[in-house]
């Protein structure tokens, strides 16, 4: 698999995590989910893990500079281990324009860039329905998420991974979902504009089954190489139309 660096964007409940995992399996690319990376750092008691543990356990957002350093380290690890030939699916980061600019700078230092940013655009009413069906492991260091209809646990209300109880998180309760959606679009709108201006954004319909949405994403990813080839071909045509470069006569002495 050629290097493909892809970011998945979408509101909570759009199915980013599910789609990222499906896409990683289909393309043989590693899944860089910031939540999983942070929980792994905590489990391994790394310096970063020690720093973020109080935030995760308290349910607070981890400071930008810490998340950025974690992502940079994860990207470097992928490159060193040549997982997915150096490509990856990034899920959960960036969330704001500031984080998007930071990611651009991290990749620029490595002489790399993103290939595509895919926005899973899902109507608010669909997202609300999915979030109301969502159950999360009460253990913050596990973080497993289920859907009682589309992805239920093997045993009702019990996490398959760690055996702890599954709960409805406060921010998945009907009374908080609407404000959470508004906050997401407020924070992410400048990031979407940032990627749109950079001609990196592809918006896909997030409604339908997991397989239907996955098919749309895979179709968008398949166009990455074609766009590059088309761009190079058009440049060659334009250069040919312009003819050889004009050489100005040397000034008379």
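The values are calculated or read from the model by the stated rules, or taken from the named source; none is laboratory data. Just so it is clear, the model here is predicted, and its values are computed rather than measured. Heads up, the Cβs are rebuilt from the backbone with ideal geometry, glycines too, and the neighbour counts pull from every protein chain shown.
When you go through 3, 65 one by one, which is the residue that is under 25 Å from residue 196 (Cα atoms) and either part of a loop (DSSP other than H, G, I, E, B) or out of contact with any helix residue (DSSP H, G or I) (no Cβ under 9 Å at 6 or more places or on another chain) (or both)?
On the way: 65 fails: either part of a loop (DSSP other than H, G, I, E, B) or out of contact with any helix residue (DSSP H, G or I) (no Cβ under 9 Å at 6 or more places or on another chain) (or both).
3 is the lone residue from the list that is under 25 Å from residue 196 (Cα atoms) and either part of a loop (DSSP other than H, G, I, E, B) or out of contact with any helix residue (DSSP H, G or I) (no Cβ under 9 Å at 6 or more places or on another chain) (or both).
Got a number for residues in region 38-62 being more than 18 Å from the chain's Cα centre (by Cα) and either at pLDDT below 80 or not in a helix (DSSP H, G or I) (or both)?
Residues that pass the stated criteria total 8.
Regarding residue 74, is this residue part of a helix (DSSP H, G or I), modelled with pLDDT under 90 and either crowded, with 17+ Cβ neighbours inside 10 Å or at positive phi (or both)?
So residue 74 passes the test.
Has region 232-243 got at least one residue that is under 19 Å from the mean Cα position of the chain (by Cα) and modelled with pLDDT under 95?
Looking for residues that are under 19 Å from the mean Cα position of the chain (by Cα) and modelled with pLDDT under 95, one finds none in region 232-243, hence no.
If the Cβ limit is 8 Å and pairs must be 6+ apart or interchain, which residue in region 54-70 that is under 15 Å from residue 105 (Cβ atoms) pairs with which residue that is outside any helix (DSSP H, G or I)?
64/96; 67/93
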